[in-house]
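One structure is given below, encoded as structure tokens.
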Amino acid sequence: MRTHYKKTLQISQLALACSAALLTMNQAAQASGFAVPELNITGLALSNAMVANPDSLSAIAYNPAAMAFHTGSALELGLLLVVPDLSVDTGSGTVDSEANDTVAIPAFTAFTQLNETWSLGLSVNAPFGLETEWPAGTFDAQYPPGTTIPTQSKLEIVAFSPSVAYKINENASLSGGVDYYWMREVIFNGDINAGMPGSNPAADLEGDGRGVGFNLGFMVDQGRWSFGGSYHSEANIPVEGTVELPAGALPSFLTNKVNADLKLPWRLQVGVRNQATDKLAIEFDVTRTGWSSFDKLVVDQDQLGTNIVTSLNQWDDANAYRIGISYDFTQATQLRIGYTFDETPQDDKFYSPRIPDADRQLFSLGVGHTLSNGWTIDAGYMYVKFDDRTLDIDPTFVHAAPDAGETNGTSAVNGDYDSSVHLFGIGIKRQFM
């Protein structure tokens, strides 16, 4: 009992340390919209097809019901390096996003077996994130006078997900837990197009917020075949912040405090895995994300509810189709490859340079090697190639947008958008028996 308590305490201390590190990091989106599905290094290598995997400890981050198929306690710590490349050509030359810097994202998962039936786990990761930053002047020639030209957009969201798993019998398990989201920072900046070169006063918004959702999971292991699924509910994050506007934009008796609500979409991932041979396993997953909840972002002045900015999005729910293949090269070394086709939820009608999205393909590979004393080291790489996205909207088309509405989906956003991302990851796992 004393040994079990000591191991649990060690896991808790490492979780706190990892959480502190994670909260200092920026994030960049790699999946549809602003989702980031890479929850650990094994998942990175398998293109995140892990929801039906009863064998790997790394599957716990994707489906906590996997805890029921492992004994003892374990912890996992990984570091992802994200190298984005985003640019736009509006007809007057190619402009690179100023947020193309390398980003580091740590991730942490731990679990402990309470008894033969119950297990307890914790994941800390960044399932959503975004940063784009267009240099001043990128869209000046296209946006009508008086409208807001997007410059910097940034979301830093960290999820703390404690969960519990129940082992129904030797072949099946269920799980449930809480998703606590901390939006550490949101930035929603823009220039107000005054219609004259060099006369674009800034409208800068910055804030933070917190929200809560829940997660559910199941897993069935039938020997060569296994099945699994996980669901994360929609969550609403009330945002409180401040806005810096040009002098005279608000009456002097009003404060610069603003509020908004950001809705995070629900996520459903289901999969089937086949242990084709003693060494080769293949998993196929489908992820559906409820992006239709992300219909608009409205920023209001705190005292009177005066609308400062409205960004209409009207996204659609979208699917991602994933394949992950693992091969046990030796008893200690496993090779991994993966592929995903990921649909964009964003059509042309409300396209925004703040989140310049497109259908994409993910290609991944990696390796895991088991060392002595329960240690495993993992390495992975992923290349994300976005389809080229060309916006050529008729200049006569105008949305019936509310006051202070951004001109999403109009000729103001026309251009050729090109994106790709490289991800590199390394991680360690330790199992305590």
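The values are calculated or read from the model by the stated rules, or taken from the named source; none is laboratory data. Keep in mind that this is a model prediction, so the values were computed, not measured. Ideal geometry is used to build each Cβ from the backbone, glycine not excepted, and the neighbour counts take in all protein chains shown. Each accessible area value is taken on the protein alone, full model and side chains, heavy atoms only, with ligands, DNA and RNA left out. Shrake-Rupley method; radii C 1.70, N 1.55, O 1.52, S 1.80 Å.
Which of the residues spanning region 285-304 are crowded, with 16+ Cβ neighbours inside 10 Å, closer than 19 Å to residue 238 by Cα and among the charged types (D, E, K, R)? Once the filter is applied, which keeps residues that are crowded, with 16+ Cβ neighbours inside 10 Å, closer than 19 Å to residue 238 by Cα and among the charged types (D, E, K, R), region 285-304 yields 296, 300, 302.
On the given criteria, is residue 91 over 22 Å from residue 219 (Cβ atoms), in contact (Cβ under 8 Å) with a residue 40 or more places away in the chain and out of contact with any helix residue (DSSP H, G or I) (no Cβ under 9 Å at 6 or more places or on another chain)? For residue 91, the condition - over 22 Å from residue 219 (Cβ atoms), in contact (Cβ under 8 Å) with a residue 40 or more places away in the chain and out of contact with any helix residue (DSSP H, G or I) (no Cβ under 9 Å at 6 or more places or on another chain) - is met. Residues in region 182-204 include at least one that is more than 30 Å from residue 94 (Cβ to Cβ), within 15 Å of the chain's Cα centre (by Cα), assigned to a strand (DSSP E or B) and not basic (Lys, Arg). Looking across region 121-149 at every residue that is modelled with pLDDT of 85 or more, more than 30 Å from residue 177 (Cβ to Cβ) and in a strand (DSSP E or B), the one that is farthest from the chain's Cα centre (by Cα) is identified as 133. Taking strands (runs of 3 or more DSSP E) as the structural unit, those lying wholly within region 260-302 and holding at least 2 residues that are out of contact with any helix residue (DSSP H, G or I) (no Cβ under 8 Å at 6 or more places or on another chain) and at pLDDT 95 or above correspond to 267-274, 280-289. Listed by position, the strands (runs of 3 or more DSSP E) contained in region 324-433 that have at least 2 residues being open to solvent by 30 Å² or more (accessible area, probe 1.4 Å), of a type outside the set (S, T, N, Q) and more than 30 Å from residue 135 (Cα to Cα) are 333-342, 360-370, 375-386, 415-432. Pairs needed: first member in region 296-315, of a type outside the set (S, T, N, Q); second member anywhere, open to solvent by 60 Å² or more (accessible area, probe 1.4 Å); C-beta distance under 6 Å; at least 6 residues apart or different chains. Once the first residue is of a type outside the set (S, T, N, Q) and sits in region 296-315, its partners that are open to solvent by 60 Å² or more (accessible area, probe 1.4 Å) give 302/257; 312/296. Of all residues in region 44-59 being open to solvent by less than 10 Å² (accessible area, probe 1.4 Å) and either in a helix (DSSP H, G or I) or among the aromatic types (Phe, Trp, Tyr) (or both), which is nearest to residue 376 (Cα to Cα)? Applying the filter and picking the extreme gives 58. Looking only at residues of region 27-55 that are of a type in the set (Ser, Thr, Tyr) and modelled with pLDDT of 95 or more, we find that the one that is nearest to residue 124 (Cα to Cα) is 42.
Suppose the filter is in a loop (DSSP other than H, G, I, E, B), out of contact with any Phe, Trp or Tyr (no Cβ under 9 Å at 6 or more places or on another chain), of a type in the set (A, V, I, L, M) and modelled with pLDDT of 90 or more; does residue 249 pass it? Here the answer is no, as residue 249 does not meet what is asked.
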